[in-house]
Amino acid sequence: MTQFNDYVESINQYTAGAHDAVTLTNMDGLSIPAAGGVDTTAVIVGDFSAGNDAVILKDGATLADIRGRNVNLVEYSVSHYLLARALDSVGMTERDVTVVNTADPDMVGAFQTPDVTAMVTWNPMVQEIVGLPGATIVFDSAMIPGEIIDLMVANTQVLADNPDFGRALAGIWYETVGIMASDTPGGAAARAAMGAASGTDQAGFEAQLAATKLFADPAEAVGFVTSPDLGTTMDRVRGFLFDKGLLGSGAPSADVIGIELPGGAVLGDAGNVKLRFTDTWMKLAADGAL
Amino acid sequence: MRWINRQPGPGGRLALGALPFVLLGLAYLAGSALRLAEDPNDKLLPALTSLAAAVDLMAFTPDRRTGEYLLWTDTAASLLRLGAGLGLSAVLALAVGMAAGLLPLARAALAPLVAFVSMVPPLALLPVLFILLGLGETSKIALIVIGVAPILIRDLAMTAQAIPREQIVKAETLSASTWLIGLHVVLPQVAPRLIDGLRLQLGPAFLFLIAAEAISADSGLGYRSFLVRRYLSMDIIFPYVAWITLLAVLMDLGLALIRRRLFPWAELERAR
């Protein structure tokens, strides 16, 4: 296992074939490895964001105040998707604002400069920014529950060639999540370590967990991934990506990449399935059959 | 004939100069063909056709969202920042460098500071600049100035100091004031050097520009390259790198031309 300090670089390394598995969001899974031609399977649905991603305004009370402002965010990230969904909810489009691409490590500093008045970012930055004077969260991912999903994905071919690989991933995952979510000294130590690793502390990390719908119980994850809502979400996500030209410059429509849902239904081109959702390993974990 | 005495003819010189380029091009094509044969979706070394398609998309097709031609808006944004940064640096260098080179008092006051500042790694200052000056154009231009100006200043001060003492004394015997000596003896000799200094600093200036654009921007050559990095879009990154290189080469040639036009006397010295 390799820990990357750069999220995008970790996905690029996976897409280039240097690694067999990576953790990413459902949107990046579709737009980077899948659009890059790497057949990818979501082994585990870890959680979805329920408040961890937020639209923050300086001196503005409601989302409508965002009109005409420069919005600092990591372009083409889940923040961008959240902004699109937020604008959509009040009848605006991206034409009503100006998006300024900003690197995520600089978000907190950037918010303190006078020319930055609107920002979309994720935790732990959100927690720090809302503590600054004048900052108000006007929209967050809790308002679009289940749309920004964290996945553990692996190369479909590698999974097929090594049946134990998926089992091992699922086993390690649920063992770790079990410790992390437990109300024991061991669990507290794990949360403190995770907090420190993401640039905050135990309290900050616990606040993030509170804004996350964590599927600590694999049975819940199975329920989530097999519900029809996942298809609706992925349809929205691919529409957004296609609109931004992120499914490949020659993509004629959002259907160009096939997305397989649990049960075998395919969204888009069934001859070019590159992203697969399945409950195989989570079900094994739920049944204690790993 | 000994190898040391063999000269290439005019045609031979051209062929020898082109040879490494041709070899590099062939190596790329071979590598690209190999990778694409293995995986037709490979994005690391795109084929010439995908490169051409990407150039067409970026340079000659209006963007779906904004209706702008991205390559040209990126180029305009970047060149504006680069021009402002280099222009400010040149003015600063001329003023401070001449003063430090010409006046011992100014030299005593300025030289240690400039020497010190020129050793600060500008990229390490970038986070500070963003917080102090905001994420807009100011901080990007400031980064270029901080990176380029101290070196230009030192270079000009040294050039001014290297002017033979006899010339200064001679001007003094002709009753020239400090101001006149600066204007008529020193300036004509350091100005061509300033242009050469700018030519040598084009590379670092582009480096600082791209680093600043990578962190926060809504247009620019560095911005675009780092944005599409998310999608391993080498078909866009390679043409952008080639375009940046071409721009830098053209600016270098342009500055050389300006130097020859404005300061023909400096060429006499060079030919000798």
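Antiparallel beta bridges, as assigned by DSSP with both residues in chain A, represent about 70 percent of the total such bridges. With each label modelled as a point 7 angstrom along the Cα→C-beta vector, the B:ILE4-A:ASP269 pair spans 6.4 nm.
Show me you know the interface measure: the accessible area buried between A and B, both chains summed, probe 1.4 Å, in Å² to the nearest 100. Numbers along the way, then the final one.
Working: alone 12790 and 16630 Å², together 26960 Å².
Roughly 2400 Å².
For peptide A:89-95, the mean count of partner chain Cβ atoms within 10 Å of a residue's Cβ comes to 1.
Relative to the compact globular guide of 2.2 N^0.38 Å, what is the alpha carbon radius of gyration of chain B, as a ratio? Kindly include the intermediate steps, with their values, before the conclusion.
On the way: Rg = 23.6 Å, N = 272, 2.2 N^0.38 = 18.5 Å.
So chain B has a normalised radius of gyration of 1.27.
Counting DSSP beta bridges with both partners in the protein assembly as shown, what percentage is antiparallel, nearest 5? Write out the running numbers ahead of the final one.
Values: 29 of 40 bridges.
Antiparallel bridges make up about 70 percent of those DSSP assigns within the protein assembly as shown.
Each of the peptides A:127-133, A:231-237 was scored by the mean count of other Cβ atoms within 10 Å over its residues; in descending order, highest first, they stand as A:231-237, A:127-133. Using the alpha carbons alone, the radius of gyration of chain A stands to its Kirkwood radius in an Rg to Rh ratio of 0.96. Sorting the segments A:1-7, B:168-174 by their mean number of nearby beta carbons within 10 angstrom, highest to lowest, gives B:168-174, A:1-7.
Determine the share of the protein assembly as shown's accessible area contributed by carbon and sulfur atoms, expressed in whole percent, with a 1.4 angstrom probe. Don't skip to the end; give the middle numbers.
Values: 17250 of 26960 Å².
Ligands and nucleic acids excluded, carbon and sulfur reach 64 percent.
Each peptide in A:179-186, B:21-28 receives the mean, over its residues, of other Cβ atoms within 10 Å, and ordering these scores from highest gives A:179-186, B:21-28. For the stretch A:163-290, the solvent-accessible area of protein heavy atoms averages 47 Å² per residue (probe radius 1.4 Å; ligands and nucleic acids excluded). Identify all lysines with a Cα-Cα distance to A:LYS283 below 20 Å; exclude those on the same chain that are fewer than 8 residues away in sequence. Hits, sequence-local ones excluded: A:LYS213.
Solvent exposure of the stretch B:59-271 amounts to 49 Å² per residue of accessible area, where only protein heavy atoms count and the probe is 1.4 Å. Neighbouring Cβ atoms from other chains, within 10 Å of the Cβ of residues in A:100-106, number 6 on average. Counting Cβ atoms of other protein chains within 10 Å of each residue's Cβ and taking the mean over peptide B:125-136 gives 4.
In whole Å, how far is the Cα centre of the stretch B:221-272 from that of the stretch B:90-156? Taking the Cα centre of each part, the stretch B:221-272 and the stretch B:90-156 sit 22 Å apart. In the stretch A:1-79 the Cα-Cα distances spread across 5 Å bins starting at 0 as 3, 12, 21, 19, 15, 10, 9, 7, 4, 0 percent of all pairs. Placing dummy labels 7 Å off each Cα toward the beta-carbon, the span from B:ALA95 to A:MET143 is 4.9 nm. On the principal axes of its alpha carbon atoms, the stretch B:62-113 extends 60, 16, 10 Å, with the longest extent given first. Rounded to 0.05, the FRET efficiency of the A:MET1 and B:SER177 pair, given R0 = 60 Å and the Cβ-Cβ distance, is 0.25. Below 16 Å, Cα to Cα, which aspartates and glutamates can A:LYS58 reach? Residues fewer than 8 away in the same chain don't count. Hits, sequence-local ones excluded: A:ASP115, A:GLU128, A:ASP140.
Dipole check for the protein assembly as shown: with +1 at the C-beta of Lys and Arg, -1 at the C-beta of Asp and Glu, and the Cα centre as origin, the magnitude is about 3260 Debye. The HN-Hα couplings worked out from phi for the stretch B:207-223 by the Karplus form 6.51 cos²θ - 1.76 cosθ + 1.60 (θ = phi - 60°) are 4, 5, 4, 5, 4, 5, 5, 5, 7, 7, 5, 10, 6, x, 5, x, 4 Hz, whole numbers, x standing for Gly and Pro.
The values are calculated or read from the model by the stated rules, or taken from the named source; none is laboratory data. This structure is a prediction, so every number in the text was calculated from the model and none was measured. Glycine gets a Cβ as well: all are built from the backbone with ideal geometry, and neighbour counts include every protein chain shown. In case anyone asks, the SASA skips ligands and DNA or RNA and just uses the protein heavy atoms, side chains included. Shrake-Rupley method; radii C 1.70, N 1.55, O 1.52, S 1.80 Å.
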